[in-house]
Amino acid sequence: MSAHLSDIAIIIDDERIPCHKTILAATSPFFEKCLFVEKHVGDELNLETSKQPFLAALKFMYTGEVEFDNIDEDRLIDVFLLSQSLQIKPLVYLIEHRLNGIEISTKNVGKIYAALSANNSTLLNKCWQFIEHNSESVIADADSFSKFSYDLILEIVKRDTFFAAEIDIFKALVEWQMNNDNADLTESLLTL
């Protein structure tokens, strides 16, 4: 991953990361389309992502290796989400396999659900089992609950298998709404 003979720089948070178009395109249909089909002109490409997940994905694109021991759970999920959006299927598969082995907790269940909502039914079922068996703990962890996606909140509320005191659910939803100004639960909750 040296800058030698690089022909494009990926810009993340105003930092230039030298890359090679051919390697990016060969390992990512996203980059292939962007760089060769849509014929991106120029030697820079802005990418809306965080630097560390991109560097982990970039290392995989260049070497075919992932250093799982150096990636914490949160960052692993971020690399997984980025790999999905960049369409790096071998990396998605490797991380998905790794995620299947992690322990679900109130801290990670929302992020894992968001990352896998369309792809991994085994891990999604594992998330739902955790949520249903730990309903009271899930809503009691206000910090984690407030980071859940809008879709996950709606799914939780719709489920007949989520058991907690109604007042606690209400308080958790109010807290979630206060921390998520861009989403409005009111309309959705009225339809339930």
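The values are calculated or read from the model by the stated rules, or taken from the named source; none is laboratory data. In this text, all values refer to a predicted model and were calculated from it rather than measured experimentally. So basically every Cβ, Gly included, is an ideal-geometry build from the backbone, and we count neighbours across all protein chains shown.
For the reader, a short list of remarks on this structure follows.
- Residue in segment 34-48 that is in contact with a Phe, Trp or Tyr (Cβ under 9 Å, 6 or more places away or on another chain) and either at pLDDT 85 or above or over 21 Å from Ile10 (Cβ atoms) (or both) present: yes
- Qualifying residue in segment 56-66 (condition: at pLDDT below 90 and farther than 22 Å from Leu116 by Cβ): no
- Within this structure, Glu136 fails the test of being of a type in the set (D, E, K, R) and more than 23 Å from Val157 (Cβ to Cβ).
- For segment 8-31, a residue qualifies if it is touching a residue at least 60 places away in the same chain (Cβ under 8 Å) and either under 18 Å from Ser50 (Cβ atoms) or among the charged types (D, E, K, R) (or both), and exactly one does: Ser28.
- Leading residue by the ranking (nearest to Ile12 (Cα to Cα)) among those in segment 56-84 that are of a type outside the set (Val, Ile, Thr) and surrounded by fewer than 14 Cβ atoms within 10 Å (Cβ to Cβ): Asp74
- Taken together, Lys171, Lys158 contain a single residue that is surrounded by fewer than 17 Cβ atoms within 10 Å (Cβ to Cβ) and modelled with pLDDT of 85 or more, which is Lys171.
- Meets criteria (within 17 Å of the chain's Cα centre (by Cα) and either part of a helix (DSSP H, G or I) or within 30 Å of His97 (Cα to Cα) (or both)) for Leu76: yes
- Checked against the criterion of being under 30 Å from Val138 (Cβ atoms), of a type in the set (A, V, I, L, M, F, W, C) and within 14 Å of the chain's Cα centre (by Cα), the candidates Ala57, Ala114 yield just one match: Ala114.
- Residue match in segment 28-47 (condition: in a loop (DSSP other than H, G, I, E, B), surrounded by 15 or more Cβ atoms within 10 Å (Cβ to Cβ) and touching a Leu at 6+ places or on another chain (Cβ under 8 Å)): yes
- Residue under evaluation Cys34, criteria (1) in contact (Cβ under 8 Å) with a residue 40 or more places away in the chain; (2) touching a His at 6+ places or on another chain (Cβ under 8 Å), criterion not met: (1)
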